[in-house]
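K.L.:
What follows is a single structure, and I will ask about it in a moment.
The values are calculated or read from the model by the stated rules, or taken from the named source; none is laboratory data. Since the model is a prediction, treat every value here as computed from it, not as a measurement. As a convention, Cβ positions derive from the backbone with ideal geometry for all residues, glycine included, and neighbour counts pool all protein chains shown.
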Amino acid sequence: MEKSFFIRNRRKLYETLEDQSLTVLFAGEAAHQSADESYPFYPNRNFYYMTGIAEPKVIFVAAKFGGEIEETLFIERADPWMARWVGETITPNEAQEASGVQNIELLDKFDSYIRSLMDSRVCNHLYADLETKSWEFPAKPSNKFAAESAVTYPYLTIHNLYPVICKFRVVKTSEEIEQTRKAGKITADGIKNVLANAKPGMKEFELEAYFNFVLKSRGCTEFAFPTILASGFNGTVLHYSANTGTAADGDLVLLDLGAQYNYYNGDISYTFPVNGRFTPRQKIIYDIVLRCNQEITKMAKPGVAFMDLNRFTIEFYTEELMKIGLIKTPEELRKYYFHGVSHSLGLDTHDVGPYREMELVPGEIITNEPGLYIPEESIGIRIEDDLLITEDGSEVLTTGLPRTTDEIEAFMAENNRI
């Protein structure tokens, strides 16, 4: 992403801030795992959205006084010895080039900078990203800083930037749409590689490896989320991710997976028969799910309430499943469909923002993922695309995959190499 993207994001944020205010955002750092190992580092997504920096421990500060903004990034001091072990930390020039922030200071000067600013100016407001999931979750750096600041400077009014930035993220720019499109293309290519190498008797993790190879070979170092690759009965478990089962002859294989490209995520669900041929019963259920997917694509457009997509899905499934005798009353549907049909997509796979309370708007990217799960028949089917809401409808970003039962069977017959 060009630094102009992040500069525009910050300018939009500054318009919402009170004067005589301080904004402080934290990149975060990797959590300790065990012994001398840490979990992989992932930048706080709101921090990245505002700065373009993906380095641990970096802090961003924006001071607003007299209508003027003073931006500062605090980065780690270079350590030549540690650089030999883990690599160089970000340099001042690299931080400037990535973010567009010109004033770069060392991290060990952050505390004195805050004290000096608070002592020399009348500061009445502190803005911080105060995301909190529950009491049980460890406090994040932003939350700790805000709590300490409220004690040290009790006259400060603390403002939570989390819902503000999250609302900005609902509508994607052209740059973000292109990143998501690329993530979807790589994801689709990975799925086709699974189909080309699948055969009965393979372990789920063997099939998963064919997906992983495509992502790594395209430069995707991270996944959008842990891959779901579930065969047979496992496909009826919504978030099954052990991927240790065996795909037996006659099983359907349900994939729910995604590539992460420059921190933007693809998210596709796909279902296919491991032997390349659907049974008549599998075709009936698959076709119901596919028709629902197609109807949601037609329905998704500006002005449609987000929650109406799921209401339609429930009505559609109720009618179709009663036709084939799987259910006798509408109340029974929940046995076979028990999740929503959509979520927002972006820097987070289940992206942030008040989209559930909104009508769809141009520039929004959502998923379209109807599914049906019949444990007693070991049939689990989910079909998911990523949709860009356009000015007058929607565009499927995840194209290029065989989707009908005939197309899937033909693709596997022609391309399966095993």
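K.L.:
Taking the condition surrounded by fewer than 17 Cβ atoms within 10 Å (Cβ to Cβ), of a type in the set (Lys, Arg), in the same structural domain as residue 409 (by TED's automatic domain parsing) and at pLDDT 95 or above, does residue 192 pass?
P.N.:
no
K.L.:
Restricting to region 118-148, what's the tally of residues that are surrounded by 16 or more Cβ atoms within 10 Å (Cβ to Cβ), touching a residue at least 40 places away in the same chain (Cβ under 8 Å) and of a type outside the set (A, V, I, L, M)?
P.N.:
Residues that pass the stated criteria total 9.
K.L.:
Is it fair to say residue 398 is out of contact with any Leu (no Cβ under 6 Å at 6 or more places or on another chain), in contact (Cβ under 8 Å) with a residue 12 or more places away in the chain, crowded, with 22+ Cβ neighbours inside 10 Å and in a loop (DSSP other than H, G, I, E, B)?
P.N.:
When the stated conditions are applied, residue 398 passes them.
K.L.:
Assess whether residue 213 counts as being surrounded by fewer than 16 Cβ atoms within 10 Å (Cβ to Cβ), in a helix (DSSP H, G or I) and in contact (Cβ under 8 Å) with a residue 12 or more places away in the chain.
P.N.:
Judged against the criteria, residue 213 is a match.
K.L.:
Turning to a different aspect of this structure: Hey, any hits in region 92-112 for a residue that's assigned to a loop (DSSP other than H, G, I, E, B) and modelled with pLDDT under 95? Before the answer, list the steps.
P.N.:
Of all residues in region 92-112, those assigned to a loop (DSSP other than H, G, I, E, B) come to 100-103.
Restricting the remaining residues to those that are modelled with pLDDT under 95 gives none.
So far as region 92-112 goes, no, none of its residues is assigned to a loop (DSSP other than H, G, I, E, B) and modelled with pLDDT under 95.
K.L.:
Could I ask something else about it? Tell me which of these residue 331 doesn't satisfy, since it passes every other one: (1) outside any loop (DSSP other than H, G, I, E, B); (2) in contact with a Pro (Cβ under 9 Å, 6 or more places away or on another chain).
P.N.:
It fails just one condition, (2).
K.L.:
Also, quick follow-up: Every residue in region 297-306 that is surrounded by 16 or more Cβ atoms within 10 Å (Cβ to Cβ), touching a helix residue (DSSP H, G or I) at 6+ places or on another chain (Cβ under 9 Å) and not aromatic (Phe, Trp, Tyr), please.
P.N.:
299, 300
A quick yes/no check of all residues on (1) assigned by TED's automatic domain parsing to the domain that holds residue 164; (2) in a loop (DSSP other than H, G, I, E, B); (3) of a type outside the set (D, E, K, R):
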| position | (1), (2), (3) |
| --- | --- |
| 314 | no, no, yes |
| 348 | no, yes, no |
| 351 | no, yes, no |
| 356 | no, no, no |
| 388 | no, no, yes |
| 410 | no, no, yes |
